[in-house]
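Structure, as structure tokens:
The values are calculated or read from the model by the stated rules, or taken from the named source; none is laboratory data. Bear in mind the structure is a predicted one, so any value in this text is a computation, not a measurement. Every residue, glycine as well, gets a Cβ built from its backbone with ideal geometry; the counts of neighbours run over all protein chains shown.
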Amino acid sequence: MLDINNNWRYSSSECYGELKRRIPEITHKVLSSQLNELESSGIVNREEYRQTPPKVEYSLTPRGRTVMPILEEMCKWECTINHR
């Protein structure tokens, strides 16, 4: 997850609402579409809790966690470019 300060951090799972709050400029349609695509690709796992109000959590799969070192390096690279 890329947080507001452009730092990569990993948390075990995120609720849909929390993801939406972290990326305020993203529309519901785009976020839902991207999460569905990541789920179909085996990058994230979607867990639906049958409760009121409904709750959905997303977490990285083992396959998804393999990309974290790459994303962390990309973030470091981006920071060096912006601090020149």
Pairs, first closer than 12 Å to VAL56 by Cα and touching a residue at least 40 places away in the same chain (Cβ under 8 Å) in the range 11-38, second among the charged types (D, E, K, R) and surrounded by 13 or more Cβ atoms within 10 Å (Cβ to Cβ), C-beta under 6 Å, six or more apart: SER13/GLU57; CYS15/GLU57
Out of the residues in the range 21-40 meeting the condition of being of a type in the set (A, V, I, L, M, F, W, C) and not in a helix (DSSP H, G or I), tell me which one is nearest to the chain's Cα centre (by Cα). ILE23
Lone qualifier among ARG46, ARG50, ARG22, ARG63 - being among the charged types (D, E, K, R) and touching a helix residue (DSSP H, G or I) at 6+ places or on another chain (Cβ under 7 Å): ARG46
Any residue at all in the range 1-14 that is modelled with pLDDT of 90 or more, basic (Lys, Arg) and not in a helix (DSSP H, G or I)? no
What about SER33, is it of a type in the set (Ser, Thr, Tyr), surrounded by 10 or more Cβ atoms within 10 Å (Cβ to Cβ) and at pLDDT 90 or above? yes
If the Cβ limit is 7 Å and pairs must be 6+ apart or interchain, which residue in the range 55-84 that is modelled with pLDDT of 85 or more and among the hydrophobic types (A, V, I, L, M, F, W, C) pairs with which residue that is surrounded by 11 or more Cβ atoms within 10 Å (Cβ to Cβ) and assigned to a helix (DSSP H, G or I)? VAL56/TYR16
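Being of a type in the set (A, V, I, L, M, F, W, C) and either surrounded by fewer than 11 Cβ atoms within 10 Å (Cβ to Cβ) or over 14 Å from the mean Cα position of the chain (by Cα) (or both) is the filter; apply it to the range 61-84 and report the residue that is farthest from SER13 (Cα to Cα).
Filtering the range 61-84 down to residues of a type in the set (A, V, I, L, M, F, W, C) leaves 67-68, 70-71, 74-75, 77, 79, 81.
Among the residues that remain, those that are also either surrounded by fewer than 11 Cβ atoms within 10 Å (Cβ to Cβ) or over 14 Å from the mean Cα position of the chain (by Cα) (or both) are: 70, 74-75, 77, 79, 81.
Working: ILE70: 19, MET74: 22, CYS75: 21, TRP77: 26, CYS79: 26, ILE81: 30 Å.
Going through the qualifying residues, I end up with ILE81.
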